[in-house]
Amino acid sequence: MQQHFSLADCDVVGFDLDHTLCRYHLPQSARLIYDSFAQYLVTEKGYDEDLLILAPDSLDFCCKGLVLDIEEGNFLKLAEDGTVLRASHGTKSMTSEEILETYGRREWKHFSTVSGMVSRTAKYYLYDNYFDLPGALLCARVVESLDQHDGQKKYDFWKDMVAAIQHNYKISAFKEDCGMYFPEVKNHPDKYLQRCPESVKKWLRQMKNAGKILLLITSSHSDYCRLLCEYVLGNDFEEYFDILITNALKPGFFSHTPNQRPFRTLENDEEQEALLSLDKPGWYSQGNANQLFDLLKKMTGKLDPKVVYFGDSMHSDIFPARHYSNWETVFILEELLGDKVTVPVKAESEPLEKKGKYEGDQLEVPYFVSKQWGSFFMDRLPGLENAEETLVHTWSCKCISTYSTIAIPSLEAIADLPLDYRFTRFSSNSSATAGYYPSPPRALLPNEESVTMK
């Protein structure tokens, strides 16, 4: 495989919406998501009211790449070989001794399934994006609450958590103003959403003018998609894209066959009858990558048009686009900003404080850097008895170099580059840091380990 990747070589450029084209104010949106799930568990399922109270620093527990072992009530941070690096029972960190006693130096029992398909099942859940992540803190607190009241050893709360997610994010929730999430974002978009920088809009137009086909593929329903796009891109947002696909139900969009997941047209945000094929550009719902690719062949006049897809979720975007469709993938990884940011300067923090109680104490590190869980990329393997600790890559870090073409902190990071800029791609014959742009995380650089491991 060639060592470089360039947008100039791509015929089609596709984007996820949430946390990719549309960036959120993370502390505010995290608090809203937490509250919306917690409210449901307390009012509809009878869970402890204490779940509604959140200490300002408790969101530090949220860290991408954690796996919840549902039956045990444990959260795990895994090494690339499936060994448990850090763990917590509920929110309480387990000691190295407890980790060795519970999990040994072995591969975690579900690792081969989770790593093979970057999957989720009834036994474990992988937290890999900011829409899910506040739910990790809530689940951890539910475990503690159940321990306190029932002294449980096996846990059965997951079905209630799924119900809370479905209640808040279901397709009709936006229209019906039900749940807590959509009504709040509708009423206060400026509190939760960041407008798209001019540089990114200009870049999208530049690609369109260069003859690229632009796609938007989001699992959000069309009404929420419209709200987001109008806010972040402007009322003319449809002009940026040739094809818009909402309610795409990723990762199934990539893995399902046309008869399992046909495209549907939309009328006033209501899905219409299934289409036998996709014949022209436009706005569609659901669908599958196979029929989309047939249309892209027609539109480009090429037998094998080259597609790149930008997304923020390993589970829903990056892994399936690479694994099933063999697309190039650009991973949006806000954790790459974690190195650069320390205490916010006063001038920047003032507007945030005006956003009300959600900010809590001014965060000294960004929301996506967790003190409890340490670096997203590397960690120390607890030493056996007096053995030296060793530094290892996390499983999350391994997934990035395996399934992404390149990884960037945001679209803005590359919007000013010429389209023929040549990025060094992740590939087996280059170093583990090759595909990070503009620079690798400090944790992966030699002699810098101590900076982010503490």
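Annotations for the structure displayed:
- Number of residues in region 157-183 that are out of contact with any His (no Cβ under 6 Å at 6 or more places or on another chain) and part of a loop (DSSP other than H, G, I, E, B) equals 6.
- Qualifying residue in region 261-270 (condition: within 25 Å of residue 423 (Cβ to Cβ), of a type outside the set (D, E, K, R), part of a loop (DSSP other than H, G, I, E, B) and out of contact with any Phe, Trp or Tyr (no Cβ under 9 Å at 6 or more places or on another chain)): no
- Among the residues of region 272-285, those identified as surrounded by fewer than 20 Cβ atoms within 10 Å (Cβ to Cβ) and either under 17 Å from residue 216 (Cβ atoms) or among the hydrophobic types (A, V, I, L, M, F, W, C) (or both) are 274, 275, 276, 280, 281, 282, 283.
For (1) of a type outside the set (S, T, N, Q); (2) open to solvent by 10 Å² or more (accessible area, probe 1.4 Å); (3) in contact with a helix residue (DSSP H, G or I) (Cβ under 6 Å, 6 or more places away or on another chain), each residue gets a yes or a no:
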| residue | (1), (2), (3) |
| --- | --- |
| 21 | yes, no, no |
| 45 | yes, yes, yes |
| 57 | yes, yes, no |
| 61 | yes, no, yes |
| 81 | yes, yes, no |
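- Candidates 11, 16, 57 - the one that is among the acidic types (Asp, Glu) and within 16 Å of the chain's Cα centre (by Cα): 16
- Residue in region 191-201 that is farther than 30 Å from residue 291 by Cα, part of a helix (DSSP H, G or I) and in contact with a Leu (Cβ under 6 Å, 6 or more places away or on another chain) present: no
- Count of region 222-236 residues, restricted to those that are closer than 27 Å to residue 298 by Cβ and of a type outside the set (D, E, K, R), is 4.
- Failed condition for residue 197, given (1) of a type outside the set (Lys, Arg); (2) in contact with a helix residue (DSSP H, G or I) (Cβ under 6 Å, 6 or more places away or on another chain); (3) within 22 Å of residue 271 (Cα to Cα): (3)
- Region 48-100, residues that are farther than 23 Å from residue 375 by Cβ, out of contact with any Ser or Thr (no Cβ under 9 Å at 6 or more places or on another chain) and assigned to a helix (DSSP H, G or I): 49, 52
- Selection of helices (runs of 4 or more DSSP H) fully inside region 339-454 by the criterion of at least 1 residues being open to solvent by less than 40 Å² (accessible area, probe 1.4 Å) and at pLDDT 90 or above returns 395-403, 412-415.
- Annotation for region 32-42: at least one member residue is open to solvent by less than 10 Å² (accessible area, probe 1.4 Å), closer than 30 Å to residue 292 by Cβ and assigned by the TED database to the domain that holds residue 167.
- Qualifying positions in region 208-220 - closer than 20 Å to residue 280 by Cα and surrounded by 14 or more Cβ atoms within 10 Å (Cβ to Cβ): 208, 212, 213, 214, 215, 216, 217, 218
The values are calculated or read from the model by the stated rules, or taken from the named source; none is laboratory data. Everything quoted here is computed from the prediction, not taken from an experiment. A quick note on method: Cβ atoms are made from the backbone with ideal geometry, for glycine too, and the neighbour counts reach across all protein chains shown. Ligands, DNA and RNA are excluded from the accessible area calculation, which covers all protein heavy atoms including side chains. Shrake-Rupley method; radii C 1.70, N 1.55, O 1.52, S 1.80 Å.
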